[in-house]
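J.: This is the structure I have questions about; it appears just below.
The values are calculated or read from the model by the stated rules, or taken from the named source; none is laboratory data. These numbers were taken from a predicted model, which means no experiment stands behind them. Positions of Cβ are generated from backbone atoms using ideal geometry, with glycine treated the same way; all protein chains shown enter the neighbour counts. SASA here: full protein model, heavy atoms, side chains in, ligands and nucleic acids out. Shrake-Rupley method; radii C 1.70, N 1.55, O 1.52, S 1.80 Å.
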Amino acid sequence: MTTQAHPVAAAPPRPGPAARVDLLHAGSAERYRRLVAAGVDRVARRVAGVDGPCTGVGPDVLTRRIDPIDLDRPLGDPIAALDELEDVYLRDAVWFHHPRYLAHLNCPVALPALLGEAVLSAVNSSLDTWDQSGGATLIERRLIGWTAGRLGLGSTADGVFTSGGSQSNLQALLLAREEACARHGAGRELLPRLRVLVSAAGHFSVRKSADLLGLAPEAVVAVPTDAGRRMRPEAVRRELDRCRQAGGVPMAVVATAGTTDFGSIDPLPELAELCAIDRVWLHVDAAYGCGLLVSPTRRHLLAGVEGADSVTVDFHKSFFQPVSSSAVLVRDRRTLRHATYHADYLNPARSTQPNQVDKSLQTTRRFDALKLWLTLRVLGPDAVGALFDEVLDRAAAAWSLVDADPRFEALAGSPLSTVVFRYLPVDRFRADEANRHARAALAASGAAMVAATVVDGRQFLKFTLLNPETTVADVGQVLDLIAAHAGGYAR
Ligand SMILES: *Cc1c(COP(=O)(O)O)cnc(C)c1O
């Protein structure tokens with residue numbers, strides 16, 4: 001190391017005079033139309049042409065293509081940039097609309113929502129205040145009201161769109177924390193004693209939220225589940241008692257309406273009753289199961305959700321919306337004041353204009369609600385619900401197929417759309433490794449993508465179905481491929 005001061009960085013070399021940034025305005029409207037059409041055309045051609053959910057290209061190959069690109073030397077031409085994008089992204093993207101994409105909770109997207117996406121980013125409204133959004137604020141409010149109505153939260157309900165289920169869970173637990181402190185007439189000194197009860201199969205964002213909210217490392221209590229991976233009400237009762245006896249203060253019970261791995265739905269009516277008697281905040285994480293709100297045949301699976309104090313819904317999972325589209329709903333709109341902070345420049349306390357920033361953890365915020373709005377205005381809720389139902393029926397058929405197949409062991413079926421299973425070598429030798437290998441080999445081949453999880457210490461594979469285009473025959477093909485990869489490995 002020399003002690004010499006760093007020289008001022010040399011100005012980046014330029015290929016010529018810098019191009020003027022082409023902004024969207026009256027004079028560029030026609031160029032905007034042509035430019036976006038060119039992008040849409042590229043994507044449309046790709047979407048029509050893909051023959052697998054991915055190409056299997058790994059990070060090493062893509063790093064070699066992306067790293068050499070000199071960001072200080074622009075191409076100066078959008079078509080050339082699109083050509084380059086084909087090489088570094090589009091050709092090897094992961095396509096959720098492909099019928100053999102069976103991995104995570106990603107959905108093919110509804111076309112009216114894509115229309116909304118195009119409109120919202122061009123207009124570029126921001127949902128913090130009325131003077132940055134106009135009608136967008138009222139449209140978001142109508143959708144929050146509509147969702148709260150479907151949930152049955154009553155006339156005092158409210159909520160706000162968020163970036164995703166993790167943020168929705170964080171905000172719900174923030175409100176629960178503040179309510180717990182208020183109820184105990186306490187301040188932050190109560191934080192080390194607060195406890196959150198959640199299913200052992202619940203989402204990891206609950207644990208992350210507890211940390212972010214300053215709770216103790218042992219604050220999140222994982223409640224054991226039954227054979228159907230549902231949190232047992234008597235176990236919750238027992239944990240609540242145990243928590244109090246140990247000097248803890250139950251801050252919230254988090255029920256999951258659709259666990260990420262098993263699709264299991266905690267017994268909402270029993271938990272709502274228990275929490276009402278105990279005066280503990282009930283948060284329902286329906287990030288996955290919210291599509292049931294519009295299901296023509298399965299809405300009953302969410303019975304009891306109307307007893308929640310707060311609910312997370314991810315429209316970008318079971319409502320076929322593009323990322324991001326999520327919301328947190330609360331039964332009592334007054335609790336949202338815990339997210340309210342005033343800034344003179346933005347939302348002074350004396351302002352009477354409607355604003356959403358008072359309810360949100362974000363400030364500048366996308367008009368994601370427009371995507372759901374256009375989906376509902378074009379197709380309606382019944383069409384969305386029917387599509388989700390179709391997916392759930394397909395998942396049930398897929399489960400039966402796996403369960404009947406002697407090469408595999410299937411765990412209990414899901415009320416939603418996951419299938420958790422593993423390949424079992426005849427002698428069971430190295431089963432974990434064989435399943436891990438099969439998943440990786442499948443993705444590397446580009447023929448299909450499946451997820452993985454660990455259950456009771458054993459390696460399992462997981463299908464998550466969210467695509468009505470996936471047929472039972474597709475599932476059968478993927479099972480054969482898995483058996484071939486795993487069988488070859490185990491031998
Ligand atoms: C996906 C999921 C989340 C997290 O939602 P994001 O939108 O990915 O942040 C939370 N809870 C459950 C049960 C989920 O399945």
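J.: Can you confirm whether residue 377 is out of contact with any Phe, Trp or Tyr (no Cβ under 8 Å at 6 or more places or on another chain), without any contact (Cβ under 8 Å) to a residue 60 or more places away in the chain and not in a strand (DSSP E or B)?
T.: No.
J.: Something else about it: Could you grab me the full set of residues in region 102-126 that are touching a strand residue (DSSP E or B) at 6+ places or on another chain (Cβ under 7 Å) and either more than 16 Å from the ligand (Cβ to nearest atom) or aliphatic (A, V, I, L, M) (or both)?
T.: Once the filter is applied, which keeps residues that are touching a strand residue (DSSP E or B) at 6+ places or on another chain (Cβ under 7 Å) and either more than 16 Å from the ligand (Cβ to nearest atom) or aliphatic (A, V, I, L, M) (or both), region 102-126 yields 102, 103, 105.
J.: Now, a different point. Could you figure out which of (1) open to solvent by 10 Å² or more (accessible area, probe 1.4 Å); (2) within 16 Å of the ligand (Cβ to nearest atom) isn't true of residue 99?
T.: Condition (2) is where residue 99 drops out.
J.: Being modelled with pLDDT of 95 or more and out of contact with any Lys or Arg (no Cβ under 9 Å at 6 or more places or on another chain) is the requirement here; does residue 112 meet it?
T.: It is false that residue 112 is modelled with pLDDT of 95 or more and out of contact with any Lys or Arg (no Cβ under 9 Å at 6 or more places or on another chain).
J.: On the given criteria, is residue 113 open to solvent by less than 20 Å² (accessible area, probe 1.4 Å) and outside the structural domain of residue 346 (by TED's automatic domain parsing)?
T.: Judged against the criteria, residue 113 is a match.
J.: Quick check on this structure: which one of 305, 284 is open to solvent by less than 10 Å² (accessible area, probe 1.4 Å), more than 11 Å from the ligand (Cβ to nearest atom) and out of contact with any Cys (no Cβ under 6 Å at 6 or more places or on another chain)?
T.: Step by step, each of 305, 284 is checked, and only 305 is open to solvent by less than 10 Å² (accessible area, probe 1.4 Å), more than 11 Å from the ligand (Cβ to nearest atom) and out of contact with any Cys (no Cβ under 6 Å at 6 or more places or on another chain).
J.: Further, regarding this structure: For region 158-194, give me the residue count where each residue is within 20 Å of residue 327 (Cα to Cα) and either crowded, with 24+ Cβ neighbours inside 10 Å or of a type in the set (A, V, I, L, M, F, W, C) (or both).
T.: Residues meeting the conditions: 15.
J.: Kindly list, by first and then second residue, each pair from a residue in region 56-78 that is under 21 Å from residue 35 (Cβ atoms) to a residue that is hydrophobic (A, V, I, L, M, F, W, C) and at pLDDT 95 or above, limited to pairs with Cβ atoms under 8 Å and residues at least 6 apart or on different chains.
T.: Correct list of pairs: 69/88; 75/81; 78/35; 78/38.
J.: Can you pull out every residue in region 23-35 that is farther than 17 Å from residue 86 by Cβ, part of a helix (DSSP H, G or I) and not basic (Lys, Arg)?
T.: Scanning region 23-35 gives 26, 27, 28, 29, 30, 32.
J.: Follow-up. Could you check region 216-257 and list, in sequence order, the residues that are over 19 Å from residue 206 (Cα atoms) and among the aliphatic types (A, V, I, L, M)?
T.: 227, 246
J.: Can you tell me which residues in region 314-325 are surrounded by 24 or more Cβ atoms within 10 Å (Cβ to Cβ) and more than 10 Å from the ligand (Cβ to nearest atom)?
T.: 319, 320, 321
J.: Then there's this: Of everything in region 240-263, what is touching a strand residue (DSSP E or B) at 6+ places or on another chain (Cβ under 7 Å), over 11 Å from residue 194 (Cα atoms) and within 16 Å of the ligand (Cβ to nearest atom)? Give them in sequence order.
T.: 253, 254, 255, 256, 257, 258, 259, 261, 262, 263
J.: Could you tell me how many of the residues in region 395-405 are in a helix (DSSP H, G or I) and surrounded by fewer than 21 Cβ atoms within 10 Å (Cβ to Cβ)?
T.: Summing the residues that are in a helix (DSSP H, G or I) and surrounded by fewer than 21 Cβ atoms within 10 Å (Cβ to Cβ) in region 395-405 gives 5.
J.: Return the residue satisfying two criteria in turn: it lies in region 217-262 and is assigned to a loop (DSSP other than H, G, I, E, B) and in contact with a helix residue (DSSP H, G or I) (Cβ under 7 Å, 6 or more places away or on another chain), and of such residues it is most open to solvent (accessible area, probe 1.4 Å).
T.: 224
J.: Looking at region 338-361, can you tell me whether even one residue there is within 16 Å of the ligand (Cβ to nearest atom) and touching a residue at least 40 places away in the same chain (Cβ under 8 Å)?
T.: yes
J.: Farther than 28 Å from residue 128 by Cα and either under 24 Å from the mean Cα position of the chain (by Cα) or outside the structural domain of residue 339 (by TED's automatic domain parsing) (or both), is that true of residue 241?
T.: So residue 241 does not fit the description; no.
So that you can scan it fast, the table gives a plain yes or no per residue for (1) out of contact with any Ser or Thr (no Cβ under 6 Å at 6 or more places or on another chain); (2) assigned by TED's automatic domain parsing to the domain that holds residue 282; (3) among the hydroxyl-bearing types (Ser, Thr, Tyr); (4) modelled with pLDDT under 95:
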position: 292; (1), (2), (3), (4): yes, yes, no, no
position: 303; (1), (2), (3), (4): yes, yes, no, no
position: 308; (1), (2), (3), (4): yes, yes, no, no
position: 317; (1), (2), (3), (4): yes, yes, no, no
position: 323; (1), (2), (3), (4): yes, yes, no, no
position: 328; (1), (2), (3), (4): no, yes, no, no
position: 332; (1), (2), (3), (4): no, yes, no, no
position: 339; (1), (2), (3), (4): yes, yes, no, no
position: 349; (1), (2), (3), (4): yes, yes, no, yes
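J.: Quickly run through region 212-225 and pick out the residues that are away from the ligand (no atom under 15 Å from the Cβ), touching a Ser or Thr at 6+ places or on another chain (Cβ under 9 Å) and not hydrophobic (A, V, I, L, M, F, W, C).
T.: Answer for region 212-225, where residues must be away from the ligand (no atom under 15 Å from the Cβ), touching a Ser or Thr at 6+ places or on another chain (Cβ under 9 Å) and not hydrophobic (A, V, I, L, M, F, W, C): just 224.
J.: From 268, 170, grab the single residue that is assigned by TED's automatic domain parsing to the domain that holds residue 144, within 16 Å of the ligand (Cβ to nearest atom) and within 19 Å of the chain's Cα centre (by Cα).
T.: Going through 268, 170 in turn, the sole match is 170.
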